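Trainee: Submitted below is the structure of interest, expressed as structure tokens.
The values are calculated or read from the model by the stated rules, or taken from the named source; none is laboratory data. Treat the numbers as computed from the prediction; the structure is a model and nothing was measured. Cβ coordinates were reconstructed from backbone atoms using ideal geometry, including for glycine residues, and neighbour counts include every protein chain displayed.
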């Protein structure tokens with residue numbers, strides 16, 4: 001009976017599991033960088049590819065598709081950087097205020113953990129770079145193809161591969177189901193490109 005009791009005491013508790021995460025990899029702290037990197041690249045990929053497919057629905061000129069994609073890359077990267085900077089700066093203000101309250105409660109001792117505070121500028125740069133990497137995929141796929149139909153197919157194929165890769169990488173880093181995450185990201189990207197192409201094609205055919 002004593003052996004049984006000792007065996008029961010060795011069962012890992014939730015506290016031990018949390019401590020293991022702290023001593024190993026803290027996945028909650030990865031969330032911000034995952035959002036800025038993987039999701040930023042996915043946003044750049046889907047938005048730029050959809051924009052290029054929309055322009056390609058009414059214009060067969062490769063120059064028009066490349067220029068629209070490049071404009072989407074620049075505008076999207078700037079937008080992502082500004083949005084990330086504002087968001088992370090707000091988070092920084094909240095955490096700094098919390099640290100000050102804790103210092104007052106501890107008698108005014110200076111025990112500020114500056115290393116754990118978020119960096120708005122770093123997050124903004126990471127988000128902009130990630131968006132640009134994703135947006136570069138459809139640009140490179142379309143830039144070397146002159147045939148209109150082949151160009152559209154090349155963009156769709158390159159974007160599909162990149163979507164699957166981004167989905168799998170994001171799932172692996174975040175410990176989410178890999179196949180389910182990859183399929184979800186892939187189907188979402190296809191829908192975005194198809195809806196954009198179809199609506200622009202419809203309005204273009206109507207003479208608008």
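Trainee: Any residue at all in the range 105-112 that is more than 20 Å from the chain's Cα centre (by Cα), at pLDDT 80 or above and surrounded by fewer than 18 Cβ atoms within 10 Å (Cβ to Cβ)? Give the derivation first.
Mentor: From the range 105-112, those more than 20 Å from the chain's Cα centre (by Cα) are 105-112; that's our starting set.
Cutting the leftovers down to at pLDDT 80 or above gives us 105.
So of that shortlist, the ones also surrounded by fewer than 18 Cβ atoms within 10 Å (Cβ to Cβ) come out as 105.
The answer is yes; a qualifying residue exists.
Trainee: If you take the residues in the range 119-178 that are over 15 Å from the mean Cα position of the chain (by Cα) and part of a loop (DSSP other than H, G, I, E, B), which one is surrounded by the fewest Cβ atoms within 10 Å (Cβ to Cβ)?
Mentor: Step by step, filter the range 119-178, then rank; the result is 146.
Trainee: Let me ask something additional. Of these, 127, 181, 132, which one is in contact (Cβ under 8 Å) with a residue 12 or more places away in the chain and over 20 Å from residue 71 (Cβ atoms)?
Mentor: The conditions single out 181.
Trainee: Another question, if that's okay. In this structure, is residue 189 touching a helix residue (DSSP H, G or I) at 6+ places or on another chain (Cβ under 8 Å), modelled with pLDDT under 85 and surrounded by 19 or more Cβ atoms within 10 Å (Cβ to Cβ)? Can you show your working first?
Mentor: Numbers: touching a helix residue (DSSP H, G or I) at 6+ places or on another chain (Cβ under 8 Å): yes; modelled with pLDDT under 85: no; surrounded by 19 or more Cβ atoms within 10 Å (Cβ to Cβ): yes.
Here the answer is no, as residue 189 does not meet what is asked.
Trainee: When the range 199-208 is examined, which residues are found to be under 11 Å from residue 50 (Cβ atoms) and surrounded by fewer than 19 Cβ atoms within 10 Å (Cβ to Cβ)?
Mentor: Selection gives 199 alone.
Trainee: So is residue 47 exposed (fewer than 12 other Cβ atoms within 10 Å of the Cβ), in contact with a helix residue (DSSP H, G or I) (Cβ under 9 Å, 6 or more places away or on another chain) and either modelled with pLDDT of 95 or more or at negative phi (or both) or not?
Mentor: In short, no.
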